[in-house]
Amino acid sequence: MGSDRAAAAVLDRFLALCGSTDTAGCAFSAGSPKATRDRYDQLMRRRRQPPLLTNPSSCVKTYESRYLTTVLPPGTICRQDEPPFPAPKPVGGMATGGGGLAAATS
């Protein structure tokens, strides 16, 4: 028991030592122990917030600013302007991407 207190003590000591040196000695240093602790606290606050997602769709952008006052017209379908992931590339020995049996299974 008490491992949470021990972990907190280790973290406090790390932040104090890290803040006592420059970024060459500790990449997380903010120049002083207090500034380094503040940096850590800010990071923890940001971590608790949900991630901001962006939607690359001009259609959605058209309606999102009016979302609270406007309902999308019936039948409206918003598609992404650009796909979120690149198209898959075929893997295999044949140019069709189906491997050795692609010609036999048509």
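The values are calculated or read from the model by the stated rules, or taken from the named source; none is laboratory data. Since the model is a prediction, treat every value here as computed from it, not as a measurement. Virtual Cβ from ideal backbone geometry, glycine too; neighbours counted across all protein chains shown. Each accessible area value is taken on the protein alone, full model and side chains, heavy atoms only, with ligands, DNA and RNA left out. Shrake-Rupley method; radii C 1.70, N 1.55, O 1.52, S 1.80 Å.
See the values below:
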read-out	value
Condition check for residue 10: at pLDDT below 70, of a type in the set (A, V, I, L, M, F, W, C) and on the phi < 0 side of the Ramachandran plot	no
Where a residue in segment 1-15 is basic (Lys, Arg) and its partner, wherever it lies, is open to solvent by less than 60 Å² (accessible area, probe 1.4 Å) and part of a helix (DSSP H, G or I), with Cβ under 6 Å and at least six apart	none
